[in-house]
1. Mind sorting SER123, SER276, SER269 by how few other Cβ atoms lie within 10 Å of their own Cβ, fewest first?
2. Percent of Cα-Cα pairs per 10 Å bin, from 0 to the last occupied bin, for segment 109-228, please list those.
3. Work from the charge dipole of segment 145-293 (Cβ charges, +1 for Lys and Arg, -1 for Asp and Glu, about the Cα centre) and give the residue of ALA172, LEU197, THR274 farthest towards its positive end.
4. To the nearest whole percent, what portion of all C-alpha pairs in segment 169-254 is separated by more than 16 angstrom?
5. What's the magnitude of the charge dipole for the chain around its Cα centre, counting Lys and Arg as +1 and Asp and Glu as -1 at the beta-carbon? Answer in Debye, nearest 20.
6. Based on the alpha-carbon gyration tensor of segment 20-168 and its eigenvalue square roots a ≥ b ≥ c, which shape applies: rounded if a/c is under 1.5, prolate if not and a/b is larger than b/c, or oblate?
7. On a full-extension model of 0.36 nm per residue, what is the gain between ASP336 and ARG192, subtracting their alpha-carbon distance, rounded to one decimal in nm?
8. For segment 1-96, state what percent of all Cα-Cα pairs lands in each successive 5 Å bin, counting from 0 Å until the bin that includes the largest distance.
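No value in this document is a laboratory result; all are computed from the given coordinates. All of these numbers come straight from a predicted model, not from anything done at the bench. Ideal geometry is used to build each Cβ from the backbone, glycine not excepted, and the neighbour counts take in all protein chains shown.
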Amino acid sequence: MNVVSVVGARPQFVKLAAVADAFRGTGHEHRIVHTGQHYDGAMSDALFDGLGIPAPDVHLGIGSGGHGAQTGAMLAALEDVLLAGERPDWVLVYGDTNSTLAAALSAVKLHIPVAHLEAGLRSFNRVMPEEHNRVLTDHAADLLLAPTEIAAANLANEGLAARTAVVGDVMADIVLRTRDAVADRPLEAGLREGEYLVATVHRAENTDDPARLAAVVDALAALPLPVLLPVHPRLRDRAAAHGIALDRGALRPTGPLPYAATVRAVLGSRGVVTDSGGLQKEVFLLGRPCTTLRGETEWPETLAHGWNVLCPDPAELGKVAVRALPAPVPGHPYGDGHAANTVVRTLEARA
Ligand code: UD1
């Protein structure tokens, strides 16, 4: 079997790490195409190196741009890549970024089978670019690899049950493996075990409106514990453009962290405040309380017992961000840590 994985943004590299590892030693050919959507060393190379992902076979170097320009440039470039050389049995696309949609569209128009990893997630918020990308990719793809039963039910509601397979969550594979490897590492300088929070902010809905971004940053800066803030390039750029300082009050800004350092920082923390999708779930799997700076989540399993609390109003953050540990949740809603092997077996069975 000949599979082409297309990735471009940081959360996709984490998922790719699990999949690339599962392909190792299978005898299948697995090629990696990087669109270049994320290009900073800390957003891309550090993840490939840190997670032991093989270097991309093709790097398109597309970079930033508006949604149309970025997605369109990827679409044109990917068509050339997919037409060159041996025809893939599968194009595998990941998550919900512009790289995901471009790759799915490019492959489907060439009649190359497309599998969507992390299919069926829905925020039901039609303003989010990620929601456009998810819905359109699911309807274009031939095989929908759903991480959870709830995701599969979302797909069934849209008439896509026949193309769906529940495989578990490949990010769980990586986070559980990394947790076991980093427990003994020292914390970031100046932080004490259990006495700080971690925060990340990068969604367009939180960063692009200056008043909203100022309210979010003010609320984080006013929290009663130090807040480690790994700064995403979008946050860095928007904060600078609007004159919003990130180094004040409780905030301890730092550059984007390598994956293992992120896991270590979460493990050592009292809790996490974020608008990231993937991080909400990682925090849940690492057993720390999460507060989500949005009105909805694509990972509703994390809400059980209050492990994750939705906090769309930054003025409410001070009341919920520091809270006691909830009761444990029974079972493993995100799979047993071997989802990537199930992905490979499912692709084999349906090739
Ligand atoms: C993208 C995804 C989002 C995902 C996120 C993870 C889309 C629509 N959004 O958002 O779903 O959660 O990645 O990080 O695909 N930039 C840099 N260096 C980089 C990358 C980006 O400086 O390596 C800056 C650029 O100024 C760019 C901005 O960040 O304009 C936004 O980047 P973009 O890739 O458009 O979206 P993200 O906000 O990263």
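1. Details: SER123 18, SER276 21, SER269 26.
Fewest to most other Cβ atoms nearby, the residues stand as SER123, SER276, SER269.
2. Bins of 10 Å from zero give 11, 26, 26, 26, 10, 1 percent of pairs.
3. Looking along the dipole axis, the top candidate is LEU197.
4. So the portion of pairs separated by more than 16 Å is 59 percent.
5. Rounded to the nearest 20 debye, it is 520 debye.
6. Cα axes put segment 20-168 in the rounded bin.
7. 48.7 nm
8. P(r) for segment 1-96, in whole percents per bin: 3, 13, 26, 25, 19, 11, 3, 1.
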